[in-house]
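First comes the structure, then the notes that go with it.
The values are calculated or read from the model by the stated rules, or taken from the named source; none is laboratory data. It should be emphasised that the depicted structure is a prediction, and the values quoted were computed from it without experimental measurement. Neighbour counts run over all protein chains shown; Cβ positions are idealised from the backbone, glycine included. Keep in mind that these areas ignore ligands, DNA and RNA; they rest on the heavy atoms of the full protein, side chains included. Shrake-Rupley method; radii C 1.70, N 1.55, O 1.52, S 1.80 Å.
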Amino acid sequence: MRVLALFLLLFSIVFAKDVMLLNEFRGDENLSGWVMSEKYDGVRAIWDGKSLKSRNGNEIYAPAKWKENFPPFKIDGELFTKRGEFERVFSIVADKKPSDEWSGVKFMIFDVPDENGNLTQRLAVLKKFLDKNPNKNIVIIEQIPVKNTEHLNQFLDEILKNGGEGAVVRDPKAEYKSGRSDKILKVKKFHDSECKVLKIIAGKGKFKDKMGSVLCLDEKSGVEFRLGSGFSDKMRANPPKIGSIITYKYQNLTKNNKPRFPVFMRFKDEI
């Protein structure tokens, strides 16, 4: 059993490194010839031609009917319901006994990793397949040519106004590359990072007898800080476990390297 567990762990690590990951847009990049699309706030998934897996290599138990007419080749995208519903889609996708709620889940595709050619050519392979094998659950994400930085900012503002998370810009001539790539970047109006929960701090006033905040450790910077904004009343009544990984957003860093105005976003996608 220990050997099997080690194998599964190693497979998960290798699989996670085998997917393309976004870097962060700084604002000084040359976007000539690049394309942009919405960054969907869902659960990353890869269809390997036979089964659906998370970015960590774990199986996602989608209903057989939902997967009908899926292609016999790899596609990479985001499992998504609608804007602002990350927690809902995560609970649907994480359930090993798939529910009827899968009917509302779409597989938003941004690449076809194993195909040759540029991004347009790779996505065209999937489009051709779907033309012959229609599937309402697979959606190819529209890739819009970036005219200039102003065009990108207008696009981003429209997404944010409608409750979206952000945008993605990428070089369509670039190959699908495993790991972090400077050829595909997330664009947001705030920074985000991850931290580990070290301690639950009791609330006061309206949060009496509930969680007030959590003491967090940002493992990249090694900085500890309090995070108290963005939690729902339900979360405050049922605090996260010590050791949980939280994704949070912030405006910038203080001179002590602590996040300014940190806000809880979600628990890390660890399927």
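In segment 86-109, is there at least one residue being under 27 Å from residue 183 (Cα atoms) and out of contact with any strand residue (DSSP E or B) (no Cβ under 9 Å at 6 or more places or on another chain)?
Step one: of segment 86-109, the residues under 27 Å from residue 183 (Cα atoms) are 86, 106-109.
Pick out the ones that are also out of contact with any strand residue (DSSP E or B) (no Cβ under 9 Å at 6 or more places or on another chain) and you get none.
No, because not a single residue in segment 86-109 is under 27 Å from residue 183 (Cα atoms) and out of contact with any strand residue (DSSP E or B) (no Cβ under 9 Å at 6 or more places or on another chain).
Let me spell it out: the conditions are (1) charged (D, E, K, R); (2) more than 27 Å from residue 178 (Cα to Cα); (3) surrounded by 15 or more Cβ atoms within 10 Å (Cβ to Cβ), and residue 67 meets all of them except one. Which number is the exception?
For residue 67, the exception is condition (2).
Testing residue 155 on (1) outside any helix (DSSP H, G or I); (2) over 16 Å from the mean Cα position of the chain (by Cα), one condition comes back false. Which one is that?
Every condition holds for residue 155 apart from (1).
Being open to solvent by 40 Å² or more (accessible area, probe 1.4 Å) and in contact with an Asp or Glu (Cβ under 9 Å, 6 or more places away or on another chain) is the filter; apply it to segment 233-256 and report the residue that is modelled with the lowest pLDDT.
Among them, the one singled out is 249.
Quick one: is residue 55 in contact with a helix residue (DSSP H, G or I) (Cβ under 7 Å, 6 or more places away or on another chain), in contact (Cβ under 8 Å) with a residue 12 or more places away in the chain and not acidic (Asp, Glu)?
Working: in contact with a helix residue (DSSP H, G or I) (Cβ under 7 Å, 6 or more places away or on another chain): yes; in contact (Cβ under 8 Å) with a residue 12 or more places away in the chain: yes; not acidic (Asp, Glu): yes.
Here the answer is yes, as residue 55 does meet what is asked.
Exactly one condition in (1) crowded, with 16+ Cβ neighbours inside 10 Å; (2) modelled with pLDDT under 95; (3) in a strand (DSSP E or B) is false for residue 180; which is it?
With (1) crowded, with 16+ Cβ neighbours inside 10 Å; (2) modelled with pLDDT under 95; (3) in a strand (DSSP E or B) applied to residue 180, the lone miss is (1).
Take the residues in segment 187-225 that are in a strand (DSSP E or B) and among the polar types (S, T, N, Q), then tell me which one is surrounded by the fewest Cβ atoms within 10 Å (Cβ to Cβ). Give the steps one after another, and end with the answer.
Within segment 187-225, the subset in a strand (DSSP E or B) is 187, 191-203, 208, 211-218, 223-225.
Next, only the ones that are among the polar types (S, T, N, Q) stay: 193, 213.
Numbers: 193: 19, 213: 21.
The qualifying residue surrounded by the fewest Cβ atoms within 10 Å (Cβ to Cβ) is 193.
I'd like the residue in segment 128-142 that is open to solvent by less than 40 Å² (accessible area, probe 1.4 Å) and in a loop (DSSP other than H, G, I, E, B) and, out of all such residues, is farthest from residue 190 (Cα to Cα).
Looking at the filtered set, the residue picked out is 135.
Residue 89 passes all but one of (1) in contact (Cβ under 8 Å) with a residue 40 or more places away in the chain; (2) open to solvent by 20 Å² or more (accessible area, probe 1.4 Å); which number fails?
So residue 89 meets the others, but not (2).
In segment 99-117, what residues are open to solvent by less than 50 Å² (accessible area, probe 1.4 Å) and either among the polar types (S, T, N, Q) or over 11 Å from residue 141 (Cα atoms) (or both)? So that I can check it myself, show each step before the final result.
In the first step, residues of segment 99-117 are kept if they are open to solvent by less than 50 Å² (accessible area, probe 1.4 Å); the result is 99, 102, 104-105, 107-113, 117.
Scanning segment 99-117 gives 99, 102, 104, 105, 112, 113, 117.
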